[in-house]
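Colleague: Right, I'll just put the structure down here and ask away after.
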Amino acid sequence: MGYWETLLPLAGFVTVMTGTPGPNNLMLMASGANAGFRRSLPHIMGILVGCQILLFCVALGLGQLLSRFPQLSLTLRILGVLFLLYLAWQLVRHRHTPLRGDHRGAPLTFWQAALFQWVNPKAWMMMVTAVATYTDPVHFSASLALVALCFFFLGLPLISLWNLGGVALQGWLQHGRRLGHFNLAMAALLLLSLYPTFMP
């Protein structure tokens, strides 16, 4: 299959995977509501760069290594669960933080967001599936580059929309206890996103 025949299904896969709810997008929406778009930019770029690094590591054989050593895979799952629990707790703990000035909730840093991809079950599933399905063994480097470009240039606007969705809610969330209820809902959805972690 040529590159152009691969591009359309690849673009559809990337759009669905990066545009649907998951730990990254839920955290970005909460970050937009609590911290705004500009302060969330390092978080957005950290996700994109972290996913690119993970993609290339999977392509170099990391996925097969994890299959051979299940205890390493289990360790990554446990770390992912613990980090998502920590993020959910942070949302609950700061659920009444004002949406003004320097007291607004701090989003993830670039490096926190990038490193989180290593323990993000959805990110692993995306990259392993993309490498297995959309790379060509005969032209591996070129097809892998195409996958990487699709994830970056389609992923950037899609995950940014989740953050901007949170930003759009800021005015509404400033009234009463709405911010607290929103952060509690985001924390609950983050915990629900752990479900794939426990799938066999």
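The values are calculated or read from the model by the stated rules, or taken from the named source; none is laboratory data. All figures in this text were calculated on a predicted structure; none of them were measured in a lab. Note that we place each Cβ from the backbone using ideal geometry, even for glycine, and neighbour counts take in every protein chain shown. These accessible areas exclude ligands, DNA and RNA; they are computed on the full protein's heavy atoms, side chains included. Shrake-Rupley method; radii C 1.70, N 1.55, O 1.52, S 1.80 Å.
Colleague: As I understand it, the value is the acute angle between the Cα axis of helix 70-93 and the longest principal axis of the Cα atoms of the chain; what does it come to in degrees, rounded to 10?
Modeller: Here the helix axis deviates by roughly 20 degrees.
Colleague: State, to one decimal in nm, how far the label point of A145 lies from the label point of V16, with both points 7 Å from Cα in the Cβ direction.
Modeller: 2.8
Colleague: Continuing with the same structure: Where does helix 3-19 land angle-wise versus the long Cα axis of the chain, in degrees 0 to 90, nearest 10?
Modeller: Once rounded, the angle reads 30 degrees.
Colleague: Also: With a/c under 1.5 counting as rounded, go ahead and sort the range 112-200 into rounded, prolate or oblate using the C-alpha gyration tensor (a ≥ b ≥ c being the square roots of the eigenvalues; past the cut-off, prolate if a/b is larger than b/c, else oblate).
Modeller: Details: a/c = 3.96, a/b = 1.93, b/c = 2.05.
It is oblate, given that a/c is not under 1.5 and a/b is not larger than b/c.
Colleague: Still on this model: Once you have the alpha carbon radius of gyration of the chain, what is it after dividing by 2.2 N^0.38 Å, with N set to its residue count?
Modeller: Working: Rg = 17.6 Å, N = 200, 2.2 N^0.38 = 16.5 Å.
Normalised Rg, Cα atoms only: 1.07.
Colleague: Ignoring ligands, DNA and RNA, please state the percent of accessible area on the chain from carbon and sulfur, probe 1.4 Å.
Modeller: Carbon plus sulfur share of accessible area: 72 percent.
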